[in-house]
Amino acid sequence: MICITRLFLILSVLLLSGHQVSALTMTAEETVRESTQEVLDRLHTDRDKLESNPKYIQVIVEELVVPHFDFATMSHLVLGKHWHEINESQQICFIHGFKNLLVRRYADIFLGFDDKIIVYQPTEPAEEEGVVIVKQTITRPGEEPFFIEYPVRSGEYGWKVIDLVVEGISLLKSYHGTFQSEIHKKGLQAFIDSFQECNDKSVKYDSQSMLIYTVLNFL
């Protein structure tokens with residue numbers, strides 16, 4: 001029998017799925033291009049807020065970028081074999097913790113996008129079935145070009161980013177190596193507890209959060 005909490009989460013997905021219709025008709029490049037442009041527009045319109053509070057970029061990323069990332073898959077991949085060694089509540093809190101870590105990293109990258117030219121190269125298929133790579137080149141006169149690749153996978157809710165490759169370096173692979181080293185040194189439980197989202201009992205996760213219902217893919 002399915003538990004009440006899980007049933008409530010599934011119902012939340014059904015209620016929210018109506019907002020995903022437009023995403024289903026977009027290509028991978030259109031998905032990345034639209035979300036990037038929305039962030040650039042906000043960088044321009046909210047310039048005063050950003051100057052007084054640079055961390056406001058994280059609010060923008062949470063609102064406009066996070067819905068296009070599959071943090072459940074990314075969390076699963078970055079933990080590797082250890083994913084199935086933690087329980088469901090630990091998986092959910094780790095997804096939140098890893099998401100927040102990536103939001104801060106991606107926010108720093110986006111702060112450098114303002115007033116730069118973004119060019120898209122042809123989308124290429126990845127080795128993994130169902131995954132394609134959207135490529136951006138960010139330029140400004142007199143500066144070296146900056147390259148970002150978005151491996152994205154098509155799913156029930158449209159295209160979702162499953163990694164971020166910055167200047168040839170995969171953030172997932174980079175964090176995977178770092179996390180494996182930390183787990184080896186301190187143990188899996190201590191590593192999970194090092195995330196505030198997993199040891200702060202006062203933190204309550206909204207049942208309508210995208211992060212919670214995407215983890216249902218693994219249940």
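The values are calculated or read from the model by the stated rules, or taken from the named source; none is laboratory data. Since the model is a prediction, treat every value here as computed from it, not as a measurement. For neighbour counting, all protein chains shown are included, and Cβ atoms are generated from backbone atoms with ideal geometry for every residue, glycine included.
Considering the range 116-173 alone, what residues qualify as being free of Cβ contacts under 8 Å to residues at least 40 places away in the same chain and among the hydrophobic types (A, V, I, L, M, F, W, C)?
I117, V119, A126, V131, I133, I138, F146, F147, I148, V165, I169
Does Y106 satisfy the condition of being surrounded by fewer than 19 Cβ atoms within 10 Å (Cβ to Cβ), in contact with a helix residue (DSSP H, G or I) (Cβ under 8 Å, 6 or more places away or on another chain) and under 30 Å from E144 (Cα atoms)?
For Y106, the condition - surrounded by fewer than 19 Cβ atoms within 10 Å (Cβ to Cβ), in contact with a helix residue (DSSP H, G or I) (Cβ under 8 Å, 6 or more places away or on another chain) and under 30 Å from E144 (Cα atoms) - is not met.
Can you say whether T31 is of a type in the set (S, T, N, Q), under 30 Å from S181 (Cα atoms) and either surrounded by 17 or more Cβ atoms within 10 Å (Cβ to Cβ) or modelled with pLDDT of 90 or more (or both), as far as the supplied structure shows? Steps first, answer last, please.
Details: of a type in the set (S, T, N, Q): yes; under 30 Å from S181 (Cα atoms): no; either surrounded by 17 or more Cβ atoms within 10 Å (Cβ to Cβ) or modelled with pLDDT of 90 or more (or both): yes.
Criteria not met by T31.
Regarding H96, is this residue within 22 Å of K173 (Cα to Cα), more than 18 Å from the chain's Cα centre (by Cα) and in a helix (DSSP H, G or I)?
Details: within 22 Å of K173 (Cα to Cα): yes; more than 18 Å from the chain's Cα centre (by Cα): no; in a helix (DSSP H, G or I): yes.
So H96 does not fit the description; no.
Show the residue pairs that are 6+ apart or on different chains and have beta-carbon atoms under 7 Å apart, the first residue being within the range 31-43 and free of Cβ contacts under 8 Å to residues at least 40 places away in the same chain, the second being in a helix (DSSP H, G or I).
These pairs meet every condition: S35/L64; S35/H68; E38/L64; R42/I60; R42/L64.
Suppose we keep only residues that are among the aliphatic types (A, V, I, L, M) and either touching a His at 6+ places or on another chain (Cβ under 6 Å) or part of a helix (DSSP H, G or I) (or both) within the range 178-203. Which one would you say is nearest to L64 (Cα to Cα)?
I192
For the range 71-93, how many residues are assigned to a helix (DSSP H, G or I), farther than 21 Å from V161 by Cα and of a type outside the set (G, A, S)?
Residues that pass the stated criteria total 6.
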